[in-house]
Amino acid sequence: MTKRVTGGAGPRGAARRALAAGGGLLLAGLGLLGLEGCAPVEPPPPPGPPPLEAVLARLPAEVAGFQRGAVQDVAPGDPGAGKVVEYITPRRVAVAYVFLYDLGRPAVTEADLPPEVERAVSEATALPSDRTGRQLSVASRSGLPAGGGNLSCAALDGSFGRMRVERQVCVGVAAGRFLRVQVTMPNRPSGPVADPLAFASGVAAAVRGG
């Protein structure tokens, strides 16, 4: 009668012992590498906004008939107030300003936009108290697709003394910052002297890299 061998005897037992030893060595190696039971690797944080100077460099010399002017600090000593770039048409008939700022936030998002739109409109309708005969009020509001995103715009109507004027204010988010575009020009019966929405759209597309 042949006695059956169990456990570690025989070729099969030797194979099992080899596999067990190999598995132990593998686990030991993973432990040495710090991979045994390790937690999932957290993805790196998203990159912050590009430098402000790099974004300003995207603004072209001419947009919709407006020529680019100088870059200035909105409020010297307050980095969060950002920069402003002036654009004008010939003989300064129409004047535009492009503001880029973050109000000290690490990265501005669309969720931050609604209150900033209202602040921009409020500032655009406010006029110096020492200048009488000037008034502006909101005539209409609209959205403006531009450069892969949107701008919230308000058309203002009023007068500077005897001259009827119109002002367009558009606000959006670009390159992790607020983008505000403001265009002021005479309101003439013969028609507009410039296209403020085309200007705002061109600026937004340039700043957003579109």
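Restricting to segment 49-82, count the residues that are open to solvent by less than 40 Å² (accessible area, probe 1.4 Å) and not in a loop (DSSP other than H, G, I, E, B).
So the answer is 8.
What is the one condition in (1) more than 24 Å from G202 (Cα to Cα); (2) assigned to a helix (DSSP H, G or I); (3) aliphatic (A, V, I, L, M) that A124 does not satisfy?
Looking at each condition in turn, A124 falls short on (1).
State which residue is nearest to R58 (Cα to Cα) when the search covers only segment 188-203 and only residues that are at pLDDT 95 or above and open to solvent by 10 Å² or more (accessible area, probe 1.4 Å).
G202
Condition test on Q135, is it of a type outside the set (F, W, Y) and out of contact with any helix residue (DSSP H, G or I) (no Cβ under 8 Å at 6 or more places or on another chain)?
Against the criterion (of a type outside the set (F, W, Y) and out of contact with any helix residue (DSSP H, G or I) (no Cβ under 8 Å at 6 or more places or on another chain)), Q135 qualifies.
Please enumerate the residues belonging to segment 111-129 that are farther than 20 Å from E86 by Cβ and modelled with pLDDT of 95 or more.
Scanning segment 111-129 gives A111, D112, L113, P114, P115, E116, V117, E118, R119, V121, S122.
Pairs please, first residue from segment 179-203 and of a type in the set (D, E), second anywhere and surrounded by fewer than 22 Cβ atoms within 10 Å (Cβ to Cβ) and not in a helix (DSSP H, G or I), Cβ atoms under 9 Å, 6+ apart in sequence or on different chains.
The qualifying pairs are D195/A64; D195/G65.
Do you know which of the residues in segment 83-104 that are assigned to a loop (DSSP other than H, G, I, E, B) and in contact with a Phe, Trp or Tyr (Cβ under 9 Å, 6 or more places away or on another chain) is surrounded by the most Cβ atoms within 10 Å (Cβ to Cβ)?
Per the stated criteria, the residue is A94.
The values are calculated or read from the model by the stated rules, or taken from the named source; none is laboratory data. Everything numeric in this text was worked out from a predicted model, so none of it was measured. We place every Cβ from the backbone using ideal geometry, glycine too, and count neighbours over all the protein chains shown. Side chains included, ligands, DNA and RNA excluded: accessible areas come from the protein's heavy atoms. Shrake-Rupley method; radii C 1.70, N 1.55, O 1.52, S 1.80 Å.
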